[in-house]
Amino acid sequence: MTALTLSIEPADALIDVPRRIVVRGAQPGAEVSLSATTSRAGVAWRAQASFRADAQGTVDTTRDAATGGSYEGVSPMGLIWSQVPEVAGRRETFNQPVTDALNTEVQASSQGSSATGGFVQRLAGAGVTRREVRAEGLVGTLYLPAGEGPHPAVMILNGSGGGINEPRAALYASHGYAAFALGYFKAPGLSDYISNTPLEYFQRGLQWLRREVRPLHDFVAISGQSRGGELVLLLGATFPEAVSAVVAYVPGAVVHSGQNAADPQVGREGPTWLLDGKPLPHVWENNRTASWKPFDDGPAPHRHERAILTALQDPEAVARARIPVERIQGPVMMLSATDDGSWPSSLYSRMVRDRLAETGHAHDVRWLDFENGGHLIVFPYVPTTQMVYAHPVSGKISTSGGNPRDNARADEASWAGVLAFLHDAVAAKAQGAKQ
């Protein structure tokens, strides 16, 4: 009997690089089991899938469909996105610090024979550097690519969970961008809540980033997710000359109240953003149709989106709270999902796209809308199984929506789309500088 062998290529690469997992030496037609275990922030995440060896006794995950287990069908990285934690409720998918690579052990077995292998996923490529930023009241982390530069820059903003989005910043830097992950609440020295956040804080962050890295072609994009997606559209409209391009993941098209990230003393119907010390009008304010009841009392798993939809039934409130995206002076990209459980990101993205079209936006506008995907669009080859969670601020249990397979597809296609968009946006800025 031929010994089972297992090969994985590439064995060590960035997290967004797919791997080819091949088993050889099985009996033709025999069932082959593949299992994968990844340690994530000290917790083991596991997946397993079964395959049928071909006439040469081979299984190739880039070609062959899983017939059962954690996922089914053809998916080269199914053993990653279908993983679940062995400790229920854990959702941390990266190590701390995020520059510590993720190591996955893979085992193949068939008819009493087995083979083992593994691969490494990195958020920070060779030469990427990390620096904590505590300057001018700003709290964040700066990741710089290898080489002297200059490099185009991106400022990254998190959503209603707060904190500092270092994983995305590290990966942006690995693709050649000076990446500044800026915290604005739930970060050291900052408020625990999103309520009453001044937009001037982000203006200061953009100014600091420009001075610090002197970006290529003076290109500074902003990238944000969820409340951060709302925020980057708002910042592009409020400080248009400071923003070269906008990448809005599952964004809002209107200004929202504090919602689940609100200071309890202010309340979830209180203001989120301040400008010149004054609250910006938000969609829950003086709204005749808005109700939290569909979210609070709706069937489990609770969908925050159901409450948001009630607020959108008041056209006057929507008009007052609409983000004036027509003021943005650069390219815009939006990424949304049709089964977003947090808010209707597909509807919101359509509203933004249509407004930009109506007003003759002079720059590139792109929109990727992922069928059956949910709110948690990240980047490729991370677990997508944990949709139901307790909100990091309010503790309310809800679902982000989607399903593991379609969420994984969204992760993969969105990241490829964003990298292409930013590449073209930098090129357009360079061309404009020559004219």
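The values are calculated or read from the model by the stated rules, or taken from the named source; none is laboratory data. This is a predicted model, so every value here is computed, not measured. Using ideal geometry, Cβ is built from the backbone for each residue, glycine included, and neighbour counts are taken over all protein chains shown. Remember, those area values only see protein heavy atoms, side chains included, never the ligands or the DNA or RNA. Shrake-Rupley method; radii C 1.70, N 1.55, O 1.52, S 1.80 Å.
What single numbered condition from (1) modelled with pLDDT under 95; (2) closer than 25 Å to W415 by Cβ fails to hold for V87?
Failed condition: (2).
Being among the hydrophobic types (A, V, I, L, M, F, W, C) and farther than 28 Å from A410 by Cα narrows it down to one of A307, A317, so name that one. Show your work before the answer.
Numbers: A307 fails: farther than 28 Å from A410 by Cα.
None of the other options fit; the residue is A317.
Applying the selection to the stretch 227-261, what residues are at pLDDT below 95 and assigned to a loop (DSSP other than H, G, I, E, B)?
Across the stretch 227-261, there are no qualifying residues.
Could you check how many residues of the stretch 195-219 are free of Cβ contacts under 8 Å to residues at least 40 places away in the same chain and in contact with an Asp or Glu (Cβ under 9 Å, 6 or more places away or on another chain)?
The number of residues fulfilling the criteria is 1.
Looking at G149, G140, G176, which one is open to solvent by less than 10 Å² (accessible area, probe 1.4 Å) and of a type outside the set (D, E)?
Testing whether each residue is open to solvent by less than 10 Å² (accessible area, probe 1.4 Å) and of a type outside the set (D, E) leaves just G140.
Can you tell me which of P315, P344, P324 is under 19 Å from the mean Cα position of the chain (by Cα) and surrounded by fewer than 23 Cβ atoms within 10 Å (Cβ to Cβ)?
One residue alone meets the criteria, P344.
Out of D16, D100, report the one residue that is open to solvent by less than 40 Å² (accessible area, probe 1.4 Å), in a loop (DSSP other than H, G, I, E, B) and not assigned by the TED database to the domain that holds L419. Show your work before the answer.
On the way: D100 fails: open to solvent by less than 40 Å² (accessible area, probe 1.4 Å).
Unique residue meeting the criteria: D16.
Quick check on the stretch 385-407. Is at least one of its residues among the basic types (K, R) and closer than 20 Å to G229 by Cα?
no
If you scan the stretch 217-243, which residues turn out to be of a type in the set (S, T, Y) and surrounded by fewer than 24 Cβ atoms within 10 Å (Cβ to Cβ)?
T238
May I ask you to say which residue of R268, R214 is within 28 Å of Y172 (Cβ to Cβ), of a type in the set (D, E, K, R) and open to solvent by 10 Å² or more (accessible area, probe 1.4 Å)?
Testing whether each residue is within 28 Å of Y172 (Cβ to Cβ), of a type in the set (D, E, K, R) and open to solvent by 10 Å² or more (accessible area, probe 1.4 Å) leaves just R214.
Taking strands (runs of 3 or more DSSP E) that fall entirely within the stretch 116-226, which contain at least 3 residues that are over 30 Å from P76 (Cβ atoms)? Reasoning before the result, please.
Details: elements: 129-135, 138-144, 153-157, 178-183, 220-225.
Qualifying strands (runs of 3 or more DSSP E): 129-135, 138-144, 153-157, 178-183.
Among the numbered conditions (1) open to solvent by 40 Å² or more (accessible area, probe 1.4 Å); (2) touching a helix residue (DSSP H, G or I) at 6+ places or on another chain (Cβ under 9 Å); (3) in a loop (DSSP other than H, G, I, E, B); (4) at pLDDT 95 or above, tell me where P76 comes up short.
That leaves (2) as the condition not met.
Just checking, which of A135, A153, A115, A124 is over 30 Å from L234 (Cα atoms) and of a type in the set (A, V, I, L, M)?
Among A135, A153, A115, A124, only A115 is over 30 Å from L234 (Cα atoms) and of a type in the set (A, V, I, L, M).
Pick from Y381, Y348: which is farther than 25 Å from Y172 by Cα, touching a Pro at 6+ places or on another chain (Cβ under 9 Å) and at pLDDT 95 or above?
Working: Y381 fails: farther than 25 Å from Y172 by Cα.
Matching residue, one of Y381, Y348: Y348.
Looking at the stretch 43-58, is at least one residue open to solvent by 30 Å² or more (accessible area, probe 1.4 Å), at pLDDT below 95 and of a type in the set (A, V, I, L, M, F, W, C)?
no
Just name the residue that is surrounded by the most Cβ atoms within 10 Å (Cβ to Cβ) out of those in the stretch 125-137 that are in contact with a Pro (Cβ under 9 Å, 6 or more places away or on another chain) and within 21 Å of I15 (Cα to Cα).
It comes out as V128.
Do we have S414 as open to solvent by less than 40 Å² (accessible area, probe 1.4 Å), among the hydroxyl-bearing types (S, T, Y) and not in a strand (DSSP E or B) here?
For S414, the condition - open to solvent by less than 40 Å² (accessible area, probe 1.4 Å), among the hydroxyl-bearing types (S, T, Y) and not in a strand (DSSP E or B) - is met.
For a quick check of your reading of the model, give me the residue pairs whose first member lies in the stretch 277-296 and is within 29 Å of T238 (Cα to Cα) and assigned by the TED database to the domain that holds L309, whose second is of a type in the set (D, E, K, R) and buried (at least 18 other Cβ atoms within 10 Å of the Cβ), with beta-carbon atoms closer than 6 Å and at least 6 apart or on different chains.
Cβ pairs passing all conditions: N287/D314; R288/D314; T289/D314.
Answer yes if at least one residue in the stretch 360-374 is open to solvent by less than 20 Å² (accessible area, probe 1.4 Å), free of Cβ contacts under 8 Å to residues at least 60 places away in the same chain and not hydroxyl-bearing (S, T, Y), and no otherwise.
Within the stretch 360-374, one or more residues are open to solvent by less than 20 Å² (accessible area, probe 1.4 Å), free of Cβ contacts under 8 Å to residues at least 60 places away in the same chain and not hydroxyl-bearing (S, T, Y).
Taking the options V22, V106, name whichever one is farther than 24 Å from T385 by Cβ and either open to solvent by less than 20 Å² (accessible area, probe 1.4 Å) or assigned to a strand (DSSP E or B) (or both).
Going through V22, V106 in turn, the sole match is V22.
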